[in-house]
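Below is one structure. I have some questions about it.
The values are calculated or read from the model by the stated rules, or taken from the named source; none is laboratory data. Remember, predicted model here, so these are calculated numbers, not experimental data. For neighbour counting, all protein chains shown are included, and Cβ atoms are generated from backbone atoms with ideal geometry for every residue, glycine included. With ligands, DNA and RNA removed, areas are computed over all heavy atoms of the protein, side chains included. Shrake-Rupley method; radii C 1.70, N 1.55, O 1.52, S 1.80 Å.
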Amino acid sequence: MVGIGRWVGTVNTLVFKGDVYVDIKDNNGEYDINFELPEKFKNVEIRYYDVHAEGNTIKGKGEMTLLPGKEIIASVTFEGDTMTGTLLLPFLGNREIKIKNGHRVD
């Protein structure tokens, strides 16, 4: 499985600008993904689905309780200890948010 480990990346959106940490684990061949959001979003839950790997890229879809019913499409590519990616927001005219400065933290 690609991307196993703890990662951090910087995003810049209308509701949040800063670092997001994510732990990616293997759970019997399925991805187990846990997001660590800043304190002001501690009650926001993220549900993800359709997560799969294509080569060194993980793709998936998700929803946040902050934006109920609004699907987010993610694509993250891993190269050694770095990652790059995008979040696609179809509900905002397919607005693309880049994940920058992505790297492994452990």
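Please enumerate the residues belonging to region 83-106 that are open to solvent by less than 90 Å² (accessible area, probe 1.4 Å) and not in a strand (DSSP E or B).
P90, F91, L92, G93, V105
When F78 is evaluated against the numbered criteria (1) open to solvent by 50 Å² or more (accessible area, probe 1.4 Å); (2) within 23 Å of G5 (Cβ to Cβ), which criterion, by number, is the only one it fails?
The single condition F78 does not satisfy is (1).
I need the full set of residues from region 40-71 which are within 22 Å of I4 (Cβ to Cβ) and surrounded by 14 or more Cβ atoms within 10 Å (Cβ to Cβ), in order please. Full working, then the answer.
To start, the set of residues in region 40-71 that are within 22 Å of I4 (Cβ to Cβ) comprises 46-62.
Hits for region 40-71 are I46, Y48, V51, A53, T57, I58, K59, G60, K61, G62.
Could you tell me whether any residue of region 59-82 is in a strand (DSSP E or B), in contact (Cβ under 8 Å) with a residue 60 or more places away in the chain and touching a strand residue (DSSP E or B) at 6+ places or on another chain (Cβ under 9 Å)? Spell out the reasoning first.
Start the filter on region 59-82 by keeping residues that are in a strand (DSSP E or B), which leaves 59-64, 72-79, 82.
Cutting the leftovers down to in contact (Cβ under 8 Å) with a residue 60 or more places away in the chain gives us 76, 78.
Checking the rest, the ones that are also touching a strand residue (DSSP E or B) at 6+ places or on another chain (Cβ under 9 Å) come to 76, 78.
Yes - at least one qualifying residue is present in region 59-82.
Moving on to the next point. Of all residues in region 1-20, count the ones that are open to solvent by 70 Å² or more (accessible area, probe 1.4 Å) and part of a strand (DSSP E or B). Quick ask: steps written out before the conclusion?
Our first condition is that a residue be open to solvent by 70 Å² or more (accessible area, probe 1.4 Å); within region 1-20, this holds for 1, 12, 14-15, 17, 19.
From what's left, part of a strand (DSSP E or B): 12, 17, 19.
Count: 3.
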